[in-house]
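Heads up, the thing below is written out as structure tokens.
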Amino acid sequence: MTRVFSGIKPTGHLTLGNYLGAMRRWAAVDQHRADALFCIVDLHALTVDHDPARVRRLSRQAATLLLASGLDPELCTVFVQSHVDEHTRLSYVLECVATDGEMRRMIQYKEKAARERERGGSVRLSLLTYPVLMAADILAYGTDEVPVGDDQTQHVELTRDLAVRFNQRYGHTFVVPRATRPQVAARVMNLQEPTSKMGKSDDAGPGIVYLLDEPDVVRKKIMRAVTDSGRDVVYDPEARPGLANLLEILAACTGGNPSGLSGVYESYGALKRDTAEAVVEVLRPVQERHRELCADPGYVEGVLRDGAERARALARPTVDAAYRAIGLLPAV
Ligand code: ATP
Ligand code: MG
């Protein structure tokens, strides 16, 4: 059976980008057709300036929202990265096949390091090595497919390179995974800055729709989205990024396609109104289920406990094999 692995970082409140780019497919498709693991990758949240209590709170919230979005623990495994030691064990070994040049070339490293410096902070070493830990997350499970948004493509490519390199040097150990992306909304853009990705760790603002935003807040944010001075509704991501973003969001929420939908609208106002309502409707059941799950924290904890146990059992043999292959003496 196909093995699927993907993760989400507790670096901020989850956004519409996380939902349309990743989470929604996990629940609607991946958990039904594959042996799928979904991970709250909390160690990755420590790569930038963080508040310990907030990371803990956001980890719990992310787990609750994953279940609220439809992940069913009877069908898939939901767990927290730091509960399974195999990730960091494997990460070290992969650091021994990765190069510092490879790490410095990662676009996300460059962007996030620049942002940390702008905020007057220093850049944590873990931000540089983060893609290796992500490779370990994926490779530990013999993953075939990694369903992610567009922004993670480069990291999955690196993961493939490391797997191939390790296998060539030390003998076949890892499955070489591939990224899968959604057909629409693979990169939801910030509503106020449609040339930048909507990211949960960006400074909060009217350009980001959070999964737990009240319907009226969602409507306001979408009605105020930056478009451009044109009048006609056309789908042209290069020249009209704000408009294209709204069409992508609407298409993702209603099942249409962005250029087809562009022909339906004669004004920006009508497009925004329909997009706002479509997003509100998509978020409604997730928010309802989230409220129910918040009333039952014991259930979420139980899911995470069982998930970690299953994940550990799956990862251990692969990580042990990697240790042996690279030359470490097995513990007796
Ligand atoms: P951060 O700002 O901390 O990097 P993020 O919003 O980018 O947070 P991640 O935890 O890095 O979220 O990514 C979780 C998943 O959501 C990944 O599969 C990623 O590709 C996807 N994703 C994140 N942002 C978007 C977006 N704007 N559009 C589509 N998919 C996205
Ligand atoms: Mg990200």
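Read-outs: derived from the displayed coordinates by stated rules, not from any lab. Keep in mind the model is a prediction, meaning the values are calculated, not measured. Virtual Cβ from ideal backbone geometry, glycine too; neighbours counted across all protein chains shown.
Before moving on, here are some points about what is shown:
- A simple charge model with +1 on the Cβ of Lys and Arg, -1 on the Cβ of Asp and Glu and nothing else charged puts the dipole of the stretch 185-295 at about 140 debye relative to its Cα centre.
- Distances between every pair of Cα atoms in the stretch 1-101, grouped in 5 Å steps from 0 to the bin holding the largest one, split as 2, 12, 21, 21, 19, 13, 8, 2, 0 percent.
- Amide H partners (placed H, <5 Å) of Gly7, local residues excluded: Cys39
- Table column - 3J(HN,Hα) (Hz), the stretch 294-304, Karplus curve with 6.51, -1.76, 1.60, x for Gly and Pro: 5, 7, 9, x, x, 5, 4, 4, x, 4, 5
- Pairwise centroid distance, computed over Cα atoms, of the stretch 32-106 with the stretch 174-193, Å: 17
- Pairs of lysine residues in the chain - Cα separation under 13 Å, sequence separation of 8 or more or cross-chain: 5
- Positive contributions from Lys and Arg (+1) and negative ones from Asp and Glu (-1), summed over other residues with Cβ under 11 Å from the Cβ of Cys96, come out at +1.
- Here the chain is treated with +1 on each Lys and Arg Cβ and -1 on each Asp and Glu Cβ, and its dipole about the Cα centre works out to around 480 debye.
- 0 to 90° range, to nearest 10: angle between helix 241-254 axis and the chain longest Cα axis: 80
- Extents of the stretch 185-295, largest first, come to 47, 28, 23 Å (Cα atoms, principal axes, whole angstrom).
- Globularity ratio of the stretch 198-238, using Cα Rg and 2.2 N^0.38 Å: 1.39
- Directionally averaged shadow of the stretch 95-195, computed from the convex hull of its alpha-carbon atoms, nm²: 7.6
- Furthest towards positive pole of dipole, Val78, Ala186, Val97, structure part the stretch 51-203, Cβ charges: Val97
- Note on the stretch 178-222: Cα convex hull, mean projected area over all directions, 4.1 nm².
- Per-selection Rg to Rh, the chain - Cα, Kirkwood hydrodynamic radius: 0.98
- Normalised by the number of residues in the chain, the average gap of Cα pairs under 8 Å and 6 or more apart makes the relative contact order 22 percent.
- The modelled label-to-label distance between Asp150 and Asn257, using points 7 Å beyond Cα along the C-beta direction, is 1.7 nm.
- Shown is the FRET efficiency for His32 and Arg56, computed with R0 = 35 Å from the Cβ-Cβ distance and rounded to the nearest 0.05: 0.65.
- Antiparallel %, DSSP beta bridges [both residues in the chain], to 5: 10
- Here the spin labels are modelled as points 7 Å beyond Cα on the Cα-Cβ line, and at Ser196 and Arg231 they lie 3.3 nm apart.
- Estimated vicinal HN-Hα couplings, Hz - the stretch 189-202 in sequence order (Karplus 6.51, -1.76, 1.60; Gly, Pro = x): 9, 4, 5, 8, 9, x, 9, 10, 5, 6, x, 6, 9, 5
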